[in-house]
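Take a look at the structure set out below.
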Amino acid sequence: MSLLTIESMTKTDIEEMMHLAVEFRQVLDRDIPKVPTLVGKTVALLFYEASTRTRLSFERAAKALSADTLTFTPGGSSVAKGESLKDTALTLKAMGPDLMVVRHGATGAPWRVADWTGLPVVNAGDGAHQHPTQALLDAFTLHDHVGDLAGLRTAIIGDIRHSRVARSTTQALLTLGAEVTLVAPTTLLPVDLSDWGVKTADGIDEILNDVDLLYLLRIQQERGGGAVFPSIAEYVGRFGLTRERAERLADGAHVMHPGPMNRGVEIDPDVADGPRSLVTDQVTNGIAIRMAVLYSLLEGRSS
Ligand code: NCD
């Protein structure tokens, strides 16, 4: 069994994964934050795109479950000698891992790796397409702070078009019953939103008084996101969560960001570190959620 897209998970699936993550979070809080659950298993991490949080978090999760890890990044590898994704995946498979975690710039790459290797695969981000464990950790973090997500008013702000996080987290929020408004310049919205099930707004001020969660995204320069609006100052003027705007939010409203943050662009530094921010909780919860995912896929519980 693989975890390739959040769309494959029902509300019950997501809730079960969150329950499991609560148990694993208790393990992480112990003096010795490790259990022997996956001793003898090996998790291969195949990361073709840059990553800080996701890669380290999968590694920490695997090790907390006593699995071994094999990490591949293209820098310094035979990719420089022209080795293909298929040959790299098959080479890693020949080293005997039980599961592969795959991040790649091309949509669908984790599906191909699953086909080629016959191994369970977790999609850790494929192009602008899917990032299911980010969606799970976001739902988990939010659930921790607000309880049931039904009817929760959420807004995702920034470069939606190029963001696998926007796609995946929107789907998880909708599956759990929240409402989602996407806030972005038209040029940073997907061309066709008809099957997304969301509302849209074209400025942050429009939604500030009516949200329980603001979820900020950076502009994905590497996917062309920076070329479509005139200047950073103009972007901040219409879409940035400045300190002044954060002060106008309702008392219980929360702020999230998947990282990496561009402080001073989509989010003011003080807001990122302030009391509404759940950014570091997202990181910590990411480990527990990934422990739950690895455990479910390797030990055959629900996924
Ligand atoms: C994101 C990603 O790589 O999709 N980061 C993450 O996984 N936490 C978001 C981004 O790169 O902006």
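Take the residues in region 214-227 that are within 16 Å of the ligand (Cβ to nearest atom) and part of a helix (DSSP H, G or I), then tell me which one is surrounded by the most Cβ atoms within 10 Å (Cβ to Cβ). In this case the residue turns out to be Gly225.
Among the conditions (1) closer than 30 Å to His145 by Cα; (2) outside any loop (DSSP other than H, G, I, E, B); (3) within 16 Å of the ligand (Cβ to nearest atom), the only one that Leu45 does not satisfy is (1).
Leu174 meets each of the listed conditions (1) over 20 Å from Glu7 (Cα atoms); (2) in contact with a Gly (Cβ under 8 Å, 6 or more places away or on another chain); (3) hydrophobic (A, V, I, L, M, F, W, C); (4) more than 16 Å from the ligand (Cβ to nearest atom) apart from (1). When Val211 is tested against (1) within 14 Å of Asp159 (Cα to Cα); (2) surrounded by 21 or more Cβ atoms within 10 Å (Cβ to Cβ), only condition (1) is not met.
Return yes or no: is Ile232 at pLDDT below 95, in contact with an Asp or Glu (Cβ under 6 Å, 6 or more places away or on another chain) and assigned by TED's automatic domain parsing to the domain that holds Asp159? Let's see the steps before the verdict.
Numbers: at pLDDT below 95: yes; in contact with an Asp or Glu (Cβ under 6 Å, 6 or more places away or on another chain): no; assigned by TED's automatic domain parsing to the domain that holds Asp159: yes.
No; evaluated as a whole, the condition is false for this residue.
Selection of region 143-152 for residues being of a type outside the set (D, E, K, R) and either within 13 Å of the ligand (Cβ to nearest atom) or free of Cβ contacts under 8 Å to residues at least 60 places away in the same chain (or both) yields Gly147, Leu149, Ala150, Gly151.
For region 53-69, the criterion of being hydroxyl-bearing (Ser, Thr, Tyr), assigned by TED's automatic domain parsing to the domain that holds Pro120 and within 16 Å of the ligand (Cβ to nearest atom) is met by at least one residue. Among the residues making up region 241-263, those that are away from the ligand (no atom under 16 Å from the Cβ) and assigned to a loop (DSSP other than H, G, I, E, B) are Thr242, Arg248, Leu249, Ala250, Asp251, Gly252, Ala253.
Per-residue answers, yes or no, for (1) at pLDDT below 95; (2) more than 23 Å from Glu23 (Cα to Cα); (3) more than 16 Å from the ligand (Cβ to nearest atom):
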{"site": "Pro132", "(1), (2), (3)": "no, no, no"}
{"site": "Thr141", "(1), (2), (3)": "no, no, no"}
{"site": "Thr154", "(1), (2), (3)": "no, yes, yes"}
{"site": "Ser163", "(1), (2), (3)": "no, yes, no"}
{"site": "Arg167", "(1), (2), (3)": "no, yes, no"}
{"site": "Ala178", "(1), (2), (3)": "no, yes, yes"}
{"site": "Asp195", "(1), (2), (3)": "yes, yes, yes"}
{"site": "Asp205", "(1), (2), (3)": "no, yes, yes"}
{"site": "Val211", "(1), (2), (3)": "no, yes, yes"}
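The values are calculated or read from the model by the stated rules, or taken from the named source; none is laboratory data. Only a predicted model underlies this, so the values are computations on that prediction, with no experimental measurement involved. Reconstructed Cβ throughout: ideal geometry from the backbone, glycine too, with neighbour counts over all protein chains shown.
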